[in-house]
Amino acid sequence: MAILNILEFPDPRLRTIAKPVAVVDERIRQLVDDMFETMYAAPGIGLAATQVNVHERVIVIDLSEEHNEPLVFINPELEILTEELDEMQEGCLSVPGFYETVTRPERVRVKALNRDGEAFEMICEGLLAVCIQHECDHLNGKLFVDYLSNLKRDRIRKKLEKLHRAQANA
């Protein structure tokens, strides 16, 4: 397994729309393993392949404190199940150090393939619903900062660009 480099906003590669996985093979399973290792090391609770510059529809999530409830979603498809919305504080490994309130549907159904290529579906609520929507956004080239005002998004972008310049000059 390997820890992969996580792209950071405003990197334009984060805007790439991921392509469906044609076949779940050893390469995809290795990607899944590397994504879990990367996410746990960051540390985070969700990671989309787009964030590690692999533009295929793969997501890993683990909401457990012990890192023992790994969820894999390959080619996920979301269906909104309610008009009721939930507000939750969101952060992102690609937007490090920033947390903002985002409003999303509170219940969704996700259909996907697991790490063995087997189809499954599940109904998600609460933090899991927020997380799966957040990660699916990544696969569609969207970031949680896109839900914010232009002013907030620009402020975050400028702070991260300044940080990236400082790191490059160090």
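Go over the candidates ALA49, ALA22, ALA41 one by one and state the one that is modelled with pLDDT of 95 or more and either open to solvent by less than 20 Å² (accessible area, probe 1.4 Å) or aromatic (Phe, Trp, Tyr) (or both). Lay out the reasoning, then the answer.
Numbers: ALA22 fails: either open to solvent by less than 20 Å² (accessible area, probe 1.4 Å) or aromatic (Phe, Trp, Tyr) (or both); ALA41 fails: either open to solvent by less than 20 Å² (accessible area, probe 1.4 Å) or aromatic (Phe, Trp, Tyr) (or both).
Exactly one residue qualifies, and that residue is ALA49.
Residue by residue, here is whether (1) over 24 Å from ILE59 (Cα atoms); (2) in contact with a Leu (Cβ under 6 Å, 6 or more places away or on another chain); (3) hydrophobic (A, V, I, L, M, F, W, C); (4) open to solvent by 60 Å² or more (accessible area, probe 1.4 Å) holds:
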| site | (1), (2), (3), (4) |
| --- | --- |
| LEU93 | no, no, yes, no |
| PRO96 | no, no, no, no |
| VAL108 | no, yes, yes, no |
| ARG115 | no, no, no, yes |
| ALA129 | no, no, yes, no |
| GLN133 | no, no, no, no |
| ARG155 | yes, no, no, yes |
| HIS164 | yes, no, no, no |
| ALA170 | yes, no, yes, yes |
Pairs with Cβ under 7 Å, 6+ apart, first in segment 115-137 and at positive phi, second not aromatic (Phe, Trp, Tyr): GLY117/VAL24
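Looking at VAL54, is it β-branched (Val, Ile, Thr) and open to solvent by less than 30 Å² (accessible area, probe 1.4 Å)?
Details: β-branched (Val, Ile, Thr): yes; open to solvent by less than 30 Å² (accessible area, probe 1.4 Å): no.
No, not satisfied.
The values are calculated or read from the model by the stated rules, or taken from the named source; none is laboratory data. Here the structure is a predicted model, which means the values were calculated and not measured. With ideal geometry, Cβ positions are generated from the backbone for all residues, glycine too; neighbour counts draw on all protein chains shown. To get the accessible areas, we keep the full protein, side chains included, count just its heavy atoms, and leave off ligands, DNA and RNA. Shrake-Rupley method; radii C 1.70, N 1.55, O 1.52, S 1.80 Å.
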